[in-house]
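Here is the structure we will look at, set down as structure tokens.
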Amino acid sequence: MMATNGGYRATVTAEGHLVDSGVLSEAMDLIVRGGAAFAVKRFDLGSTNLQPSQAVIEVLAPNQGSLDTVLDRLVRLGFYSADLRSPQTRLSKKDGTAPVEFYSTTNHATEVFIEGRWRRVKNQRMDAVIVISPDGRNLSCRKLRDVKRGDRIICGHEGIRILPEFKERDRSDFAFMTNDVSSEKKVEWVVGRVAEWIRNRKGKLVVVAGPVVIHTGGVEPLAEIIRGGWVDALLAGNALAVHDVERALFGTSLGVDTKTGLPVDNGHQHHMRAINAIRLAGGLKQAVQKGQLRNGIMHALITRKVPYALAGSIRDDGPLPEVITDSNRAQEAYSHNLEGAEIVLMLSSMLHSIAVGNMLPSWVKTVCVDINAQVVTKLADRGSHQAIGCVTDVGLFLHLLRDRIESKGK
């Protein structure tokens, strides 16, 4: 970038499906809204729908501050400085902190220009810093609390290139579904697509589930999907496990008979009695081994040896012995189980879904199923733009998904 008589200038470039995705028009709007102007120096349109386009744009701003603001925003759209230079770096002066100029990551694949070549950043996630190794060759995202004094941190926007995920042409039909299009036929079509993804995946399928799965009759189909070997990890809170155990021991969920839908006398005590039974046994695994817990989601996970992580909350009763009550440790357990995930299926758990969304890179297929349309919206608003949603009863969704998966076999 440079200052001239006409103002402050910088030239940026980007490659990809710039027209199909709307990135080019969005970038132009962003520049103008930021109080700057632009001039398209070169634009090469891909000759087919598979070939990428390339744009070179000059940005002209009235002052350095405006220019820097616009450039920071353009970086997040996939633009980078045409004048390739290695990024600025600063050393952390205190554990758990970064230099004030640190670059804050997105969930998109990111590359940094080091020693004359682009190097991919590892452990991609949003809201992290980029730490560069002492030899300058390895870069990785790190949560702010995990930064150590002396770590070398990437600062500013120079030498950073983001590779946004561009939506497939048929994905618009599979995007957020409002109530007026969530007919039974539409839900079945969505389930078919998800089942196809699951059958053809090469990476892990991770399920994030809330207690609504129990209340809506989703226990049996989800347990069967787990026993079929389709699920590689489950992330949830205390409530899912508690109500799953309550159903297995007493046939109720929140004191309501899961078969008749009618309240049971003194049923309000069942969830506490379920917690007590598991604590007396020593934990969920011990209850399974002793034959006290004989069915349900947790039984399927344990007998199938599928890893799971239960994160605690200030609202929890008990909690169960396996619940991780330290929030930092719970985050680490979630993050560990998400390694290698190709598909994440979020089932009626807004808070846990948003937490998981913050940990995922944008190339992970993320499906959010909830009867409340706002849950999917909130997930996208918090940066998980790759999330696609189906507004329907989660119990119905799981029954349809099980049937569709089993109809083709593993």
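The values are calculated or read from the model by the stated rules, or taken from the named source; none is laboratory data. Just so we're clear, the structure is a prediction, and the values are computed from it rather than from any experiment. Ideal geometry is used to build each Cβ from the backbone, glycine not excepted, and the neighbour counts take in all protein chains shown.
Is it true that THR260 is β-branched (Val, Ile, Thr) and loosely packed, with under 14 Cβ neighbours inside 10 Å?
When the stated conditions are applied, THR260 passes them.
Are there any pairs with C-beta distances below 9 angstrom linking a residue in the range 189-207 that is without any contact (Cβ under 8 Å) to a residue 12 or more places away in the chain to a residue that is assigned to a helix (DSSP H, G or I), with the two at least 6 apart or on different chains, and if so which?
From the range 189-207, the pairs are TRP189/ASP173; TRP189/PHE174; GLU196/ARG404; GLU196/LYS408.
Here's the yes/no breakdown for (1) in the same structural domain as ILE225 (by TED's automatic domain parsing); (2) small (Gly, Ala, Ser); (3) surrounded by 15 or more Cβ atoms within 10 Å (Cβ to Cβ):
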| position | (1), (2), (3) |
| --- | --- |
| ALA274 | yes, yes, yes |
| ALA281 | yes, yes, yes |
| VAL288 | yes, no, yes |
| ARG304 | yes, no, no |
| ASP317 | yes, no, no |
| ASN328 | yes, no, no |
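Among the candidates ASP72, ASP68, which residue alone is surrounded by 14 or more Cβ atoms within 10 Å (Cβ to Cβ), out of contact with any strand residue (DSSP E or B) (no Cβ under 9 Å at 6 or more places or on another chain) and assigned by TED's automatic domain parsing to the domain that holds ALA14?
From the options ASP72, ASP68, the qualifying one is ASP72.
So in the range 83-109, with the set limited to residues that are part of a loop (DSSP other than H, G, I, E, B) and touching a Cys at 6+ places or on another chain (Cβ under 8 Å), which one is farthest from MET359 (Cα to Cα)?
PRO87
Only one of these is assigned to a loop (DSSP other than H, G, I, E, B), outside the structural domain of GLY116 (by TED's automatic domain parsing), hydrophobic (A, V, I, L, M, F, W, C) and surrounded by fewer than 17 Cβ atoms within 10 Å (Cβ to Cβ): LEU18, LEU50, LEU77. Name it. Break it down into steps so the answer makes sense when it comes.
On the way: LEU18 fails: surrounded by fewer than 17 Cβ atoms within 10 Å (Cβ to Cβ); LEU77 fails: surrounded by fewer than 17 Cβ atoms within 10 Å (Cβ to Cβ).
Sole residue among the options that is assigned to a loop (DSSP other than H, G, I, E, B), outside the structural domain of GLY116 (by TED's automatic domain parsing), hydrophobic (A, V, I, L, M, F, W, C) and surrounded by fewer than 17 Cβ atoms within 10 Å (Cβ to Cβ): LEU50.
Would you call GLU220 assigned by TED's automatic domain parsing to the domain that holds VAL207, acidic (Asp, Glu) and in a helix (DSSP H, G or I)?
Judged against the criteria, GLU220 is a match.
Which strands (runs of 3 or more DSSP E) sit wholly inside the range 278-386 and have at least 2 residues that are within 14 Å of the chain's Cα centre (by Cα) and not aromatic (Phe, Trp, Tyr)?
341-347, 365-370
Looking only at the range 21-33, how many residues end up being surrounded by fewer than 16 Cβ atoms within 10 Å (Cβ to Cβ) and polar (S, T, N, Q)?
Number satisfying all stated conditions: 1.
Any residue in the range 318-333 that is within 15 Å of VAL208 (Cα to Cα) sitting within a Cβ distance under 6 Å of a residue that is in a strand (DSSP E or B) and among the β-branched types (Val, Ile, Thr)? List the pairs, counting only those 6 or more apart or interchain.
ALA330/ILE324; ALA333/ILE324
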